[in-house]
Amino acid sequence: MNADIVEMRAFYHSALGERSNNAIAMALTRIWEPVAKERLVGIGYTRPWLERFENDTQITLAFMLAAHGAAKWPRTGPSRSALVFDEELPLADSSIDRILAVHALEYAESPRETLMEFWRVLAPNGKLILVVPNRRGVWARIDTTPFGNGRPFSSGQLRNLLRETNFTTARETEALFFPPSRRFLALKLSNQFEAVGLRIGRLFGGVIVIEAQKQLYQGLPVAERQSRRVFVPALSPQGATRNQVD
């Protein structure tokens, strides 16, 4: 499966996608502390979970990556979604209280630069929650779901990246212990797989869910650089050229 917004949406509307959605939502609930009137941004493909957590927020935005494409969110009312580059977010410094990033970091050209950009827009003591494919899990090895694309991570790799970009890791959990199978029995027993996996197989979940907090006591060096990102319309008409006649 390609990293495409249409295919991701189709996956989460399937029976396997619905079970995946629920399993990740349960994992997020285990580490998510509600904060009244917070400013929340979802980056990547976060539509299945934003509505679960937006009741306590002052504002909730859905940023979708240029490499994937964008879709309207929410379904009704004014749109609060935008197409963005993960290394150049259209936000002011220290303007966001929490970032939820799903289907984002594994597709980043430079995960370190992406995390540095997350650090920039987060407010002091702001929180980052990452959901990324686990390189030890089965889901990262099968490319028929969105979790089988991009770069999977181990827990140690994530913690090192977060430390290098001035985040302090807090809580961590996993999800998707059931196999990425569309067979009826596997889907029916998905909740049981999740319960057993949390007790005995924490290293082998399909995704790692980790929370980190922005550190303030050490500054990150900022270098001026020209944007490498350019939006190119899918159907951009080209003007006809004529040779000049002397």
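The values are calculated or read from the model by the stated rules, or taken from the named source; none is laboratory data. Everything quoted here is computed from the prediction, not taken from an experiment. Note that each Cβ is placed from the backbone with ideal geometry, even for glycine, and that neighbours are counted across all protein chains shown. Just the protein is used for accessible areas: all its heavy atoms, side chains included, with ligands, DNA and RNA removed. Shrake-Rupley method; radii C 1.70, N 1.55, O 1.52, S 1.80 Å.
When the residues of region 121-141 are filtered to those that are modelled with pLDDT under 95 and of a type in the set (Lys, Arg), which remaining residue is most open to solvent (accessible area, probe 1.4 Å)?
In this case the residue turns out to be ARG141.
So which pairs qualify, if the first residue must be in region 32-59 and within 21 Å of GLY150 (Cα to Cα), the second must be part of a loop (DSSP other than H, G, I, E, B) and open to solvent by less than 50 Å² (accessible area, probe 1.4 Å), the Cβ gap must be under 7 Å, and the two must be at least 6 apart or on different chains?
Partner pairs satisfying both residue conditions: ILE43/ASP86; ILE43/ALA104; GLY44/HIS103; GLY44/ALA104; TYR45/HIS68; TYR45/HIS103; ARG47/TRP73.
What are the residues in region 159-173 that are assigned to a strand (DSSP E or B) and either closer than 15 Å to TRP119 by Cβ or open to solvent by 10 Å² or more (accessible area, probe 1.4 Å) (or both), if any?
PHE167, THR168, THR169, ALA170, ARG171, GLU172
Determine whether VAL102 is among the β-branched types (Val, Ile, Thr) and either touching a helix residue (DSSP H, G or I) at 6+ places or on another chain (Cβ under 9 Å) or open to solvent by 20 Å² or more (accessible area, probe 1.4 Å) (or both). Explain how you work it out, then say what you get.
Values: among the β-branched types (Val, Ile, Thr): yes; either touching a helix residue (DSSP H, G or I) at 6+ places or on another chain (Cβ under 9 Å) or open to solvent by 20 Å² or more (accessible area, probe 1.4 Å) (or both): yes.
Spelling it out, VAL102 is indeed among the β-branched types (Val, Ile, Thr) and either touching a helix residue (DSSP H, G or I) at 6+ places or on another chain (Cβ under 9 Å) or open to solvent by 20 Å² or more (accessible area, probe 1.4 Å) (or both).
Can you work out which of the residues in region 174-187 that are in a loop (DSSP other than H, G, I, E, B) and of a type outside the set (A, V, I, L, M) is farthest from ILE99 (Cα to Cα)?
Initially, region 174-187 is screened for residues in a loop (DSSP other than H, G, I, E, B), giving 176-183.
The next check asks that each one be of a type outside the set (A, V, I, L, M); those that pass are 177-183.
Working: PHE177: 25, PHE178: 27, PRO179: 28, PRO180: 27, SER181: 30, ARG182: 31, ARG183: 34 Å.
It comes out as ARG183.
Residues to consider are SER95, SER154; find the one that is surrounded by fewer than 17 Cβ atoms within 10 Å (Cβ to Cβ) and closer than 22 Å to LEU61 by Cβ.
Working: SER154 fails: closer than 22 Å to LEU61 by Cβ.
Exactly one of SER95, SER154 is surrounded by fewer than 17 Cβ atoms within 10 Å (Cβ to Cβ) and closer than 22 Å to LEU61 by Cβ, namely SER95.
May I ask you to verify whether ARG52 is in a helix (DSSP H, G or I), open to solvent by 10 Å² or more (accessible area, probe 1.4 Å), basic (Lys, Arg) and more than 30 Å from ARG182 (Cβ to Cβ)? So that I can check it myself, show each step before the final result.
Values: in a helix (DSSP H, G or I): yes; open to solvent by 10 Å² or more (accessible area, probe 1.4 Å): yes; basic (Lys, Arg): yes; more than 30 Å from ARG182 (Cβ to Cβ): no.
Considered against the rule, which asks whether it is in a helix (DSSP H, G or I), open to solvent by 10 Å² or more (accessible area, probe 1.4 Å), basic (Lys, Arg) and more than 30 Å from ARG182 (Cβ to Cβ), ARG52 comes out as no.
Tell me which residues, restricted to region 181-212, are open to solvent by 70 Å² or more (accessible area, probe 1.4 Å) and either over 26 Å from LEU161 (Cα atoms) or at pLDDT 80 or above (or both).
Applying the first criterion (open to solvent by 70 Å² or more (accessible area, probe 1.4 Å)) to region 181-212 yields 182-185, 188, 191-193, 199-200, 202-204.
Correct list: ARG182, ARG183, PHE184, LEU185, LYS188, ASN191, GLN192, PHE193, ARG199, ILE200, PHE204.
Of all residues in region 66-106, which are touching a Ser or Thr at 6+ places or on another chain (Cβ under 9 Å) and over 23 Å from PRO34 (Cβ atoms)?
Of region 66-106, the ones touching a Ser or Thr at 6+ places or on another chain (Cβ under 9 Å) are 70-74, 80, 85-88, 97-98, 100-105.
Answer for region 66-106, where residues must be touching a Ser or Thr at 6+ places or on another chain (Cβ under 9 Å) and over 23 Å from PRO34 (Cβ atoms): ALA70, ALA71, LYS72, PHE85, ASP86, GLU87, GLU88, HIS103, LEU105.
Only one of ALA108, ALA82, ALA67 is open to solvent by less than 50 Å² (accessible area, probe 1.4 Å) and within 19 Å of VAL131 (Cβ to Cβ). Can you tell me which? Steps first, answer last, please.
Details: ALA82 fails: within 19 Å of VAL131 (Cβ to Cβ); ALA67 fails: open to solvent by less than 50 Å² (accessible area, probe 1.4 Å).
So the residue among ALA108, ALA82, ALA67 that is open to solvent by less than 50 Å² (accessible area, probe 1.4 Å) and within 19 Å of VAL131 (Cβ to Cβ) is ALA108.
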